[in-house]
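The values are calculated or read from the model by the stated rules, or taken from the named source; none is laboratory data. Everything numeric here is computed off the predicted structure, so don't read it as measured data. Cβ placement follows ideal geometry from the backbone for every residue including glycine, while neighbour counts extend to all protein chains displayed.
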């Protein structure tokens, strides 16, 4: 097995494992607890779900553009303004969770069937420069893991 096949399979496995962990952790929170902010200055589970939903939408668009176009540009997004500008306080956290699950399943399906060579396809990030599909998926896997841990911290404080 070539190193690139092994690497892409490891990245995909981590993406799937971390995504499934995030979803199962989010499902463990009771609906009545989603909006609670048990740690001063930190996000509620609902805000974490909205953030992940928005991030997953961005990531999915980047993957699709990467796979369909040659060297597409990636525009960064300012996640700091999303809670206010995209109205996290009024959004339905269960709708965000449903979107996360749907996006995850669609992206997992797409990434599971891409040819090995596509993992090396490049996009150009306005701040980071050239990024491969493998790198983008690896970043996303870390994002899911980080926010699953954040949800666990919220759950423990409830």
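Some values worked out for this structure:
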| quantity | calculated |
| --- | --- |
| Any hit, the range 5-16, residues being surrounded by fewer than 15 Cβ atoms within 10 Å (Cβ to Cβ) and not in a helix (DSSP H, G or I) | no |
| Only one of 61, 25 that is part of a helix (DSSP H, G or I) and under 20 Å from residue 149 (Cα atoms) | 25 |
| Filtered residues of the range 92-125 (kept if outside any helix (DSSP H, G or I) and surrounded by 12 or more Cβ atoms within 10 Å (Cβ to Cβ)) | 92, 114, 121, 122, 123, 124, 125 |
| Cβ pairs under 6 Å, 6+ apart, first in the range 62-89 and closer than 13 Å to residue 127 by Cβ, second assigned to a helix (DSSP H, G or I) and at pLDDT 95 or above | 74/62; 77/58 |
| Candidate set from the range 47-89 (those that are loosely packed, with under 15 Cβ neighbours inside 10 Å and closer than 24 Å to residue 28 by Cβ); member that is farthest from the chain's Cα centre (by Cα) | 89 |
| Any hit, the range 28-45, residues being surrounded by fewer than 19 Cβ atoms within 10 Å (Cβ to Cβ), closer than 18 Å to residue 110 by Cβ and modelled with pLDDT of 95 or more | no |
| Where a residue in the range 1-24 is on the phi < 0 side of the Ramachandran plot and at pLDDT below 95 and its partner, wherever it lies, is surrounded by 15 or more Cβ atoms within 10 Å (Cβ to Cβ) and outside any loop (DSSP other than H, G, I, E, B), with Cβ under 8 Å and at least six apart | 4/119; 7/119; 7/134; 8/119; 8/134 |
